[in-house]
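What follows is a set of notes on a single structure, which appears directly below.
The values are calculated or read from the model by the stated rules, or taken from the named source; none is laboratory data. What you see is a predicted model, and the numbers here were worked out from it, not measured in a lab. Glycine gets a Cβ as well: all are built from the backbone with ideal geometry, and neighbour counts include every protein chain shown. Surface accessibility is based on the protein's heavy atoms, side chains included, excluding ligands, DNA and RNA. Shrake-Rupley method; radii C 1.70, N 1.55, O 1.52, S 1.80 Å.
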Amino acid sequence: MDQLFAHSPAELTFWRRLVRPLVGQQATPFYLFSVVPIQRALAELDRAFAGLPVRHWLCCKTQPLPPLLRWWRQQGRPIEVVSEYEFRAALAEKFPPAHILVNGPAKHRWLPRQAVAGLFVNFDSLTEIRALAPLAKRLGWTVGLRLNTREEFDPEAPTHPTQFGLTAAEALRAGRALRRAGLALQCVHFHLRSHVASPAIYERALQEAAAICREAGLAPRFVDCGGGFPPPNVHTLDRQRADAEFSLAAMAGVCARALKLFPGVEEIWLENGRWLSARSGVLVVGVVDAKERRGMRHLICDGGRTLHALVAAWEDHALLPLARRTGRAVPTTVNGPTCMVFDQLARRRLPRSIRVGDHLLWLDAGAYHLPWETRFSHGLAAVLWHDGRQVRTVRGREKFADWWGQWS
Ligand SMILES: Cc1ncc(COP(=O)(O)O)c(C=O)c1O
């Protein structure tokens, strides 16, 4: 096992026990997702924010998996969507409109044709407000604004802003436009980015959002801090723990203080994707070839980054051999099956004893793996779901007829 990562022995045993009986029945590669880690993560959130009016929304885009949506809805919890397909998925899974929050840019393009009464909608631009305000009024939506604070920037080019939300000056105009339309603003929202390193960053964004609200005469009932909590056991490519400076206890303190920043606020909302669900899945790949050249061992697998784990381009995850493999560790690159050098799940020292025929579990595959799957030279992998008692296939492996037959 990678010494770099801090999964508990119980967690590793949980996945090994679930996967072991499956590898004889289900050809690799496949994803296995389980509700159990989500239940544990939610319990952790509920403990950390106990006594505070904090509402957790399921971020649909992170893991658009029907049994997960169904389970979440059965818990009476609400869902956040950012596109027409996600919205329709929420309706198909029977979320009541009052449990659906519509975020995301350019929703004036699609929301009018799907509109239902009683939604929560955060406007992303003045254009959206102009186009959607009459509908919002007629259908009794609870409306909010996404703000673009100085804490939000393009993580790949930090001197540049993002395209989302309204600036302080636009928020002033938005407040006036909403009043003219007879709509009361009820929510202010920001989503800073993924892997927000520390609670202090949320606190600064909240202070700025509160100042914008004072200036624009806005008194939100809800303050929606988006997602961005860094998941445990995931490393950045420079081998640092993504959550090194983060703690839920400190974040609870930030939320408690936020209640004082916004007079009249009733709830703080969070929409964490990765933090909640990354831990809820593994990608299981088979080692199908092994090569050695110039001091590097290559394990060529039937699944990898290009097809199944695009996040491996910016996150380092633990790799767990299903059979216990120990002994001398040598520099190793774990490659996928596509004709791209880029197709690397991991490059690190791994036991020399891993061999062709072994199975490897790429851990923490429960966030942004399904939405970023590709069909590069191959079809989609099977998806298995563990509901706490049993495992079933919820999506079969894509067949050649599906892959080639989609063309007319
Ligand atoms: C509006 C919004 N909320 C929540 C999230 C979830 O982010 P994360 O998975 O980093 O928690 C995203 C991700 O892009 C988002 O755009």
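If the convex hull of the alpha-carbon atoms of region 92-132 is projected onto planes in all directions, what is the mean projected area in square nanometres?
That works out to 2.9 nm², a quarter of the Cα hull's surface.
Relative intensity of the chain on a log10 scale, I(q)/I(0) at q = 0.08, 0.13 Å⁻¹, equals -0.47, -1.12, per a Debye sum over C-alpha point scatterers of equal strength in the absence of solvent.
Out of all DSSP beta bridges in region 35-277, what portion is antiparallel? Express it as a percent rounded to 5.
Antiparallel: roughly 5 percent of the beta bridges in region 35-277.
Between residue 123 and residues 5 or more places away or on another chain, which pairs have amide H atoms under 5 Å apart, with H built 1.01 Å from N, and which residues are they? Close amide H contacts, sequence-distant or interchain: 144, 145, 146. Based on Cα contacts under 8 Å between residues 6+ apart, region 35-277 shows a relative contact order of 20 percent. Taking all protein chains as present, what is the carbon and sulfur share of the accessible area of the chain, in % to the nearest whole number, probe 1.4 Å? Within the chain, the accessible surface is 53 percent carbon and sulfur.
Out of 100, 201, 79, any idea which swings most in a Gaussian network model of the chain, alpha carbons joined below 10 Å? Of 100, 201, 79, the most mobile in the Gaussian network model is 201. Subtracting the Cα-Cα distance of residue 98 and residue 348 from their residue separation scaled by 0.36 nm leaves 85.3 nm. The convex hull around the C-alpha trace of region 7-161, projected and averaged over every direction, spans 13.1 square nanometres. Backbone amide hydrogens, once placed in the peptide plane, bring residue 345 within less than 5 Å of 305, 334, 335, 336, excluding anything fewer than 5 places away on its chain.
Coupling constants for region 302-308 follow from the phi torsions by the Karplus curve (6.51 cos²θ - 1.76 cosθ + 1.60, θ = phi - 60°), and in residue order they are 7, x, x, 5, 4, 8, 10 Hz; glycine and proline get x. Taking region 220-243 and a reference point 7 angstrom along Cα→Cβ of residue 47, no backbone N atom is nearer than 15 Å. Kirkwood analysis of the Cα pair distances in region 139-204 returns a hydrodynamic radius of 13.3 Å. Taking every DSSP bridge with both residues inside region 255-333, close to 75 percent are antiparallel. Net charge in the neighbourhood of residue 309 (other residues with Cβ under 14 Å of its Cβ; Lys, Arg +1, Asp, Glu -1) is -3. Between residue 293 and residue 23, the simple spin-label model (points 7 angstrom out along Cα→Cβ) gives 2.7 nm.
For region 35-277, the share of alpha carbon pairs falling in successive 10 Å distance bins from zero is 7, 33, 38, 20, 2, 0 percent. A simple count of charges around residue 259, restricted to other residues whose Cβ falls under 10 Å of its Cβ and scoring Lys, Arg +1 and Asp, Glu -1, yields 0.
Averaging the sequence gap over all C-alpha pairs within less than 8 Å and six or more residues apart, then dividing by the number of residues, gives the chain a relative contact order of 19 percent. Using R0 = 30 Å, the C-beta based FRET efficiency linking residue 355 and residue 395 works out to 0.50. Taking Cβ atoms as reference points and 10 Å as the exclusive limit, the residues near residue 366 contribute a net charge of +1, counting Lys and Arg as +1 and Asp and Glu as -1.
Take every DSSP beta bridge whose two residues both sit in the chain, then give the antiparallel share in percent to the nearest 5.
If I count the DSSP bridges inside the chain, around 50 percent turn out antiparallel.
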